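This report refers to the structure that appears directly beneath it.
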């Protein structure tokens, strides 16, 4: 059985906002989903978000494939964890959706959320970054920052969808 660990965005998670509209567009029945509640009310604090992420990883047998999907800050959490820790799970791929790379601009500049130097040398799985040109929360230049740090990263640039992708992402469903 294949697993998906999904780390939602730091925005409010309601039926019509946050990561939920996007989640509804992804076929659910094909995978075992691992979705935790992340402490968004305390802000974008990696040290708080990493705990529920580790709980999700620990639910998965080390020999079963897992896709990691992070929306916005959720993707930052995934990448920081993978580049700083030894992971025993069989990571099939990492998919980042509108995720900021801390240090790319002044809006996302918290040093505690930045990746380590040479982060790309600590991760050896396929990574895809999906972002919309009209993203209204994370500037599209973050996509170029990610690709500069991770040259092997697959980049998908959408013309519309803003940050929450309420209508889904066809390419995401194809990756799964």
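Filtered by the rule that a residue be at pLDDT 95 or above and part of a strand (DSSP E or B), segment 71-96 gives 91, 92, 93, 94, 95, 96.
Residues in segment 73-90 that are under 17 Å from residue 150 (Cα atoms) and either touching a strand residue (DSSP E or B) at 6+ places or on another chain (Cβ under 7 Å) or crowded, with 17+ Cβ neighbours inside 10 Å (or both): 75, 76, 77, 78, 79, 80, 81, 82, 83. Would you mind stating whether residue 17 is modelled with pLDDT under 75, within 25 Å of residue 113 (Cα to Cα) and in contact with a strand residue (DSSP E or B) (Cβ under 6 Å, 6 or more places away or on another chain)? The answer is no for residue 17.
So, residue 105, is that one part of a loop (DSSP other than H, G, I, E, B), in contact with a helix residue (DSSP H, G or I) (Cβ under 9 Å, 6 or more places away or on another chain) and surrounded by fewer than 17 Cβ atoms within 10 Å (Cβ to Cβ) or not?
Values: part of a loop (DSSP other than H, G, I, E, B): yes; in contact with a helix residue (DSSP H, G or I) (Cβ under 9 Å, 6 or more places away or on another chain): yes; surrounded by fewer than 17 Cβ atoms within 10 Å (Cβ to Cβ): yes.
Criteria met by residue 105.
Taking segment 31-51 only, how many residues are over 21 Å from residue 111 (Cβ atoms) and crowded, with 17+ Cβ neighbours inside 10 Å? The total comes to 3. The single condition from (1) touching a residue at least 40 places away in the same chain (Cβ under 8 Å); (2) more than 24 Å from residue 20 (Cβ to Cβ); (3) outside any helix (DSSP H, G or I) that residue 137 fails is (2).
The values are calculated or read from the model by the stated rules, or taken from the named source; none is laboratory data. Since the model is a prediction, treat every value here as computed from it, not as a measurement. With ideal geometry, Cβ positions are generated from the backbone for all residues, glycine too; neighbour counts draw on all protein chains shown.
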